[in-house]
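Worksheet: one structure, shown below.
The values are calculated or read from the model by the stated rules, or taken from the named source; none is laboratory data. Predicted model, so just to flag it, every value in this text is computed and none were measured. Because the Cβ atoms are built from the backbone with ideal geometry, glycine has one as well, and the counts that use them run over all protein chains shown. All accessible areas refer to the heavy atoms of the entire protein, side chains included, with ligands and DNA or RNA removed. Shrake-Rupley method; radii C 1.70, N 1.55, O 1.52, S 1.80 Å.
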Amino acid sequence: MARGVFITFEGGEGAGKSTQISRLCAEFDKYKVKYISVREPGGTALGEEARRLLKDFSLDPPVDQAELMLFLAARAQLVEKIIKPALEKGIHVISDRFSDSTIAYQGYGRGIDVNLIATMNNLACGNLKPDYTILLNIPQEVSLLRMRKREAATNTNADRIELAGSDFHQRVRDGFNKLAQAEPDRFIVVDAAQSVDNVWSDVWTHLKHLV
């Protein structure tokens, strides 16, 4: 049995990951492709609890090192319990964020040593890496505008990480771009400032061979 394909979606806040993942899932459904869709942090009971702790700034906010380890703990659980078993069964896995987010956010964003994070990521993932990473590249000003529109439309407030500030999010964007430049064979960089339909066209061009 052929191994499943591991696809991750990365990008800054408001890049449109959820929308593009939904479109990919719909396309896989149409062609009866076997897949699962997961999110980070989350996907397991442990991961969802870590997500609550990481996003809720009304609680005792985690220091940067604790934030890093919560993400890694959630990832280790998700990889071993959900992602690896699915891939071994020939099922494709679509993930809303993965290890690259930790390097971009906690490394380039928070300032924790990126080489140390890469080593810890490898431990948490059992050296698992995505086959394809779709990086939805979005300018800072577009990201901010979309976040504000989303809050107004859903009557919700930004979470703790979304409120980290423009300098932080610019460092995150720069970090993602450095990661993409270092691994051009894995990363597919898409201009996320385009219309939703144009973004999807670019994404599907690179993934339609999977159906």
Show the residues, 5+ positions off or on another chain, whose built amide H is closer than 5 Å to the amide H of Tyr35.
His92
Only Lys, Arg, Asp and Glu count, each charged at its Cβ (+1, +1, -1, -1), so figure out the dipole size of the stretch 52-102 about its Cα centre, rounded to 20 debye.
280
With the charge dipole of the stretch 41-95 built from beta-carbon charges (+1 for Lys and Arg, -1 for Asp and Glu) about the Cα centre, the Cα from Val63, Leu87, Gly47 projecting farthest to the positive end belongs to Leu87
Can you tell which of Lys178, Lys149, Lys84 shows the greatest fluctuation in a Gaussian network model of the chain with Cα springs below 10 Å?
Lys149
Report, in deg cm²/dmol and to the nearest 500, the calculated mean residue ellipticity at 222 nm for the chain, where each DSSP H run with n ≥ 4 adds -39500 (n - 2.57) and the sum is divided by the residue count.
-15500 deg cm²/dmol
Using a probe of 1.4 angstrom, how much of the accessible area of the chain is carbon and sulfur, in percent?
53
By its C-alpha gyration tensor, with a ≥ b ≥ c as the square roots of the eigenvalues, how is the stretch 168-211 shaped: rounded for a/c under 1.5, else prolate for a/b larger than b/c, else oblate?
oblate
Just report the Cα centroid separation between the stretch 90-127 and the stretch 12-29, whole Å.
20
In the stretch 1-66, which chymotrypsin sites (Phe, Trp or Tyr not before Pro) fall in coil by DSSP and have 13 or fewer other Cβ atoms within 10 Å?
Tyr31
Full-extension gain in nm, Val211 to Lys89, via 0.36 nm per residue minus C-alpha separation:
42.2 nm
What is the extension gain from Ala153 to Leu116, computed as 0.36 nm multiplied by their sequence separation minus the C-alpha to C-alpha distance, in nm to one decimal?
9.4 nm
R0 = 41 Å: FRET efficiency of Leu163 with Asp29, Cβ-based, nearest 0.05?
0.70
For the stretch 43-135, give the magnitude of the charge dipole about the Cα centre (Cβ charges: +1 Lys/Arg, -1 Asp/Glu; no others), in debye to the nearest 20.
220
Peptides 179-186, 193-200: what's the order by average Cβ count within 10 Å, highest mean first?
193-200, 179-186
Of the trypsin sites (Lys or Arg not before Pro) in the stretch 1-72, those whose Cβ has at most 16 other Cβ within 10 Å and which sit in DSSP loop:
Arg3, Lys32, Lys34
Which distance in nm do the two modelled labels at Gln65 and Arg186 give, with both placed 7 Å along the Cα-to-Cβ direction?
2.7
Quick query: amide H of Ser95 versus all other amide H atoms, modeled in the peptide plane; which residues come in under 5 Å with a sequence gap of 5 or more or a different chain?
Ile7, Thr8, Phe9, Val38
For a quick check: with amide H placed at 1.01 Å from N, whose amide H comes under 5 Å from Gly43's, ignoring anything fewer than 5 positions away on the same chain?
Glu48
Simple spin-label estimate for Asn177/Val196, 7 Å along Cα→Cβ, in nm, reads 2.7
Please state the shape class of the stretch 58-125: rounded when a/c is under 1.5, otherwise prolate if a/b exceeds b/c and oblate if not, all from the C-alpha gyration tensor.
prolate
Using θ = phi - 60° and the Karplus relation 6.51 cos²θ - 1.76 cosθ + 1.60, list the HN-Hα couplings for the stretch 186-200 in order, rounded to whole Hz, with x at every Gly or Pro.
9, 7, 10, 8, 10, 6, 7, 7, 5, 5, 4, 5, 5, 4, 4
Dipole of the chain, Cα-centred, from +1 at each Lys and Arg C-beta and -1 at each Asp and Glu C-beta, to the nearest 20 debye?
600
